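Participant: Supplied in structure tokens, the structure appears directly below.
Please treat every number below as a calculation from the coordinates, not as lab data. Note that the structure is a prediction, hence the values are computed from the model and not measured. Neighbour counts are summed over all protein chains in view; Cβ atoms, including those assigned to glycine, are modelled from backbone coordinates with ideal geometry.
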Amino acid sequence: MSDAAQSGQVKRVAIVTGASRGIGKAIALRLAREGRHVVLVSRTQAPLDDLRAQIQASGGLATARAVDVADRNALGGAIESIADELGRIDILVNNAGITKDGLALRMSDEDWDQVLQTNLTSAFVAIRAAARPMMRGKFGRIVNIGSTSGVVGNAGQANYAAAKAGLIGLTKTIARELGGKNITCNLIAPGFIQTDMTENLPKEVKDHVMALMAVKRLGVSEDIAAAVSYVTSDEAGYLTGQTICVDGGMTMC
Ligand code: NAP
């Protein structure tokens, strides 16, 4: 930790993608509550403005940026301009994600490409852009939000599971490349979390998932935010390259 951080002078800047709702929103609220200056990113400005206002009303610091993370140039440019504007980037949470489910044999090229671009390539682009400011600050905490589907596979999710498994390889590689610079990189793999993404799944799927849980309840976004809070903390500097499944014991992966 730098002297300035130890004396409490540094306001850590945390970028959270996919912050407009669901897991990303819970992560943003948690990090803001812990004193981070949170940069909220997703495609639509209005919910980000609402969240920024909510954080500011409770005494926190937040900035809202509408960016499509599937647009490489827009994402890379946004991260560079955030670093210029706020002077630092300390924490990056690559959370934005989509599903385009279907059996592999029937999956279109478009559904494959869109999911890979949004869920995997965006994380690489964001890390590449954020790494320099983190190195300048001699501190970094990168978190990729994966999925248990990327660890154990899931029928109907070839694109999604491949993207999330790709994030595991990316996480380990970045951990190895940047560990010497006091930058950690970890992956949090949620199991089944109640958000818009899972709301419309059939009851049979939810019942099946519940039957697999050791902890007999579906997850909530705050369960994931709690794990992100720890891996992005100053004290988590010796934890890197890990896949942490936060899934109520569904996979025990
Ligand atoms: P969600 O409720 O559907 O929210 C997705 C977020 O990503 C929204 O803020 C959305 O905002 C943003 N987003 C989507 N595409 C984007 C793009 N191209 N550019 C910028 N932002 C984009 O999903 P969630 O359940 O919170 O999931 C969050 C993450 O957790 C995802 O990576 C997901 O794969 C992972 N996960 C979720 C579960 C679960 O059970 N819910 C399980 C495992 C993993 P806009 O639409 O406004 O852009």
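Participant: Among Lys172, Lys25, Lys203, which one shows the highest mean-square fluctuation when the chain is modelled as a Gaussian network with alpha-carbon springs under 10 Å?
Facilitator: Lys203
Participant: Another one. Under the rule a/c < 1.5 gives rounded, and otherwise a/b versus b/c splits prolate from oblate, where does segment 3-244 land using the Cα gyration tensor? Numbers along the way, then the final one.
Facilitator: Numbers: a/c = 1.56, a/b = 1.47, b/c = 1.06.
It comes out prolate by the Cα gyration axes.
Participant: Then there is this: Just want the answer: with Cβ charges of +1 for Lys and Arg and -1 for Asp and Glu, which residue in Ala189, Gly59, Ala19 is farthest toward the dipole's positive end in the chain?
Facilitator: Checking the options against the dipole of the chain, the answer is Gly59.
Participant: Taking 8 Å as the Cα distance limit and 6 or more residues as the minimum spacing, I'd like the relative contact order of segment 3-244 as a percentage.
Facilitator: 19
Participant: Go through segment 162-173 residue by residue and turn each phi into a ³J(HN,Hα) via Karplus (6.51, -1.76, 1.60, θ = phi - 60°); whole Hz please, and just put x for glycine and proline.
Facilitator: Coupling constants for segment 162-173: 5, 5, 6, 5, x, 5, 5, x, 4, 4, 5, 5 Hz.
Participant: Let me ask something else. Compute the distance in nm between two label points, each set 7 Å from the Cα along the Cα-to-Cβ direction, one at Gln45 and one at Asn182.
Facilitator: In this crude spin-label approximation the distance works out to 3.7 nm.
Participant: Lys11 to Glu204: extension gain in nm, 0.36 nm per residue of separation minus the Cα-Cα distance?
Facilitator: Numbers: separation 193, 0.36 × 193 = 69.48 nm, distance 4.59 nm.
In short, 64.9 nm is gained.
Participant: Amide H of Cys245: which non-local residues (sequence gap of 5 or more, or other chain) have their own amide H closer than 5 Å, using H built in the peptide plane?
Facilitator: Ala189
Participant: Count the net charge of all other residues whose Cβ sits under 12 Å from the Cβ of Leu75, scoring Lys and Arg as +1 and Asp and Glu as -1.
Facilitator: On the way: positive: Arg43, Arg65, Arg72, Arg128; negative: Asp68, Asp71, Glu80.
The answer is +1.
Participant: Note down the net charge around Ser221, summing +1 for each Lys or Arg and -1 for each Asp or Glu among other residues with Cβ under 13 Å from its Cβ. If you can, show how the numbers build up before the last one.
Facilitator: On the way: positive: Arg21, Lys25, Arg30; negative: Asp196, Glu199, Glu222, Asp223.
Around Ser221, the surrounding residues sum to -1.
Participant: If R₀ is 22 angstrom, what is the calculated FRET efficiency for the pair Arg132 and Glu85, using the beta carbon separation as r and rounding to 0.05? Intermediate values should be presented prior to the final figure.
Facilitator: Working: r = 15 Å, r/R0 = 0.68.
For R0 = 22 Å, the calculated efficiency reads 0.90.
Participant: In addition: Show the residues, 5+ positions off or on another chain, whose built amide H is closer than 5 Å to the amide H of Gly102.
Facilitator: Those qualifying (amide H under 5 Å, at least 5 residues apart or on another chain) are Gln157, Ala158.
Participant: Got a sec to turn the phi values of segment 132-147 into Karplus ³J(HN,Hα) couplings, 6.51 cos²θ - 1.76 cosθ + 1.60 with θ = phi - 60°, whole Hz, x for Gly and Pro?
Facilitator: Using θ = phi - 60°, the values come out as 4, x, 5, 5, 4, x, 6, 6, x, 10, 10, 10, 9, 8, x, 6 Hz.
Participant: Let me ask something additional. Apply the Karplus parameterisation 6.51 cos²θ - 1.76 cosθ + 1.60, with θ equal to phi minus 60°, to every residue of segment 65-80 and state each ³J(HN,Hα) to the nearest whole Hz, in sequence, with x for glycine and proline.
Facilitator: Each residue of segment 65-80 in turn: 9, 7, 9, 8, 5, 7, 9, 3, 5, 5, 5, x, x, 5, 5, 4 Hz.
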